[in-house]
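In what follows, a structure is listed as C-alpha cells, so that the remarks can point back to it.
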Amino acid sequence: MAIISWYTLIGLFAQAAFAGRMLVQWIMSERAKKVVNPALFWWLSLVGSLAMSFYGFLREDFAIMLAQLVSFYIYIYNLKLKQELYRFGKLIALLIIVVPILLLCLQLKDFSSFFDSFLDGHNIPYGWMVFGLVGQSLFSIRFVYQMVVSHRRQQSVLPDAFWYISLMAALMVQIYGVYRLDIVLIIGQVGGMVTYVRNIMLMHKNNKQAQD
C-alpha cells in the first residue's frame with residue numbers, strides 16, 4: 001500500500017483537527033495558568049474523529065476504525081455535559097449521532113468482505129494489529145476514564161491521569177505508525193506528545209502550589 005494516497009488528505013485533515021483541539025486547550029491553559037477544558041476542544045475532537053473513521057476505512061485499518069467509534073460518542077457526551085450538543089439544532093445533533101452507526105452498518109453488511117479486508121492478517125500481521133489496537137484503545141480508554149470522572153462530578157473535566165494515558169498511547173501509536181509507514185499517524189502524534197508533556201508539567205506545578 002502506498003505511503004501517500006489521495007485519502008491521506010482525509011487523515012491529515014483529521015489530525016489537523018486533533019492538533020487544533022490540543023493547541024486551543026494548550027493556549028487557554030497557558031493563559032489560565034492551569035489545565036482547562038474548553039467546549040471547542042470537544043467540537044474539534046468530534047470533527048477529527050469522524051474524518052479519522054473515514055480514513056481508517058479507506059486505509060483498511062481496523063485498529064483506527066474501532067478506536068474512533070468509541071471515542072466519537074464520548075466526545076458527544078462531553079458536549080452534552082457542556083450544554084453544547086444542540087448548538088446547531090436538534091436535527092444536526094441527531095445526524096451527527098447516527099452517522100458512525102450508519103457507516104458501521106454499511107461496513108458490516110458483508111461480513112466476509114469485512115473479514116478479508118481487515119482481519120485476515122494479510123494487510124497487517126496479527127501481532128502488529130494487536131499492538132495498534134492497544135495503542136488506539138488507550139486513546140479511547142483515556143476518554144472513558146474522563147467520561148466516568150466527568151459523570152461523577154456532573155461537569156466535563158480533564159483529570160490528571162488523562163494526560164499520562166494520552167502520552168503512553170501517543171508513543172505506542174507513533175511506533176505503530178512507523179511500522180505501517182503511515183505518515184498520518186506519525187505526524188499526528190508529534191504535536192500531541194508536546195501538549196501532553198506540557199499539561200503534565202502544568203499539572204505538577206499547580207499541585208505543588210496547592211500543597212505549599
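Applying the selection to the stretch 59-78, what residues are modelled with pLDDT under 75 and among the aliphatic types (A, V, I, L, M)? Across the stretch 59-78, the qualifying residues are A63, I64, M65, L66, A67.
Of all residues in the stretch 19-28, those being small (G, A, S) and touching a Leu at 6+ places or on another chain (Cβ under 6 Å) number 1. Scanning for something free of Cβ contacts under 8 Å to residues at least 24 places away in the same chain, surrounded by 14 or more Cβ atoms within 10 Å (Cβ to Cβ) and in a helix (DSSP H, G or I), does the stretch 138-145 turn up at least one residue? Scanning the stretch 138-145, I find at least one residue that is free of Cβ contacts under 8 Å to residues at least 24 places away in the same chain, surrounded by 14 or more Cβ atoms within 10 Å (Cβ to Cβ) and in a helix (DSSP H, G or I), so the answer is yes.
In summary, G188 fulfils each of the numbered conditions (1) modelled with pLDDT of 80 or more; (2) surrounded by 15 or more Cβ atoms within 10 Å (Cβ to Cβ) with the single exception of condition (1).
Looking at this structure, is I175 more than 20 Å from the chain's Cα centre (by Cα), in a helix (DSSP H, G or I) and modelled with pLDDT of 80 or more? So I175 does not fit the description; no. Can you spot a residue in the stretch 7-25 that is under 16 Å from V157 (Cβ atoms) and among the charged types (D, E, K, R)? The answer is yes; a qualifying residue exists.
The rows are residues; the columns are (1) at pLDDT 80 or above; (2) out of contact with any Ser or Thr (no Cβ under 7 Å at 6 or more places or on another chain).
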residue: I101; (1), (2): no, yes
residue: S112; (1), (2): no, yes
residue: D116; (1), (2): no, yes
residue: D120; (1), (2): no, yes
residue: F139; (1), (2): yes, no
residue: M147; (1), (2): yes, yes
residue: S156; (1), (2): yes, no
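Among the residues of the stretch 173-182, which ones are surrounded by 16 or more Cβ atoms within 10 Å (Cβ to Cβ) and either more than 16 Å from Y126 (Cα to Cα) or in contact with a Lys or Arg (Cβ under 7 Å, 6 or more places away or on another chain) (or both)? Those that are surrounded by 16 or more Cβ atoms within 10 Å (Cβ to Cβ) and either more than 16 Å from Y126 (Cα to Cα) or in contact with a Lys or Arg (Cβ under 7 Å, 6 or more places away or on another chain) (or both): Q174, D182. Evaluation of G132 against the conditions (1) small (G, A, S); (2) in a helix (DSSP H, G or I); (3) over 22 Å from I10 (Cα atoms) shows that the sole unmet condition is (3). Of the residues making up the stretch 1-51, just one is over 16 Å from the mean Cα position of the chain (by Cα) and under 16 Å from A170 (Cβ atoms), namely W26.
The values are calculated or read from the model by the stated rules, or taken from the named source; none is laboratory data. Here the structure is a predicted model, which is why all the values come from computation and not from measurement. Because the Cβ atoms are built from the backbone with ideal geometry, glycine has one as well, and the counts that use them run over all protein chains shown.
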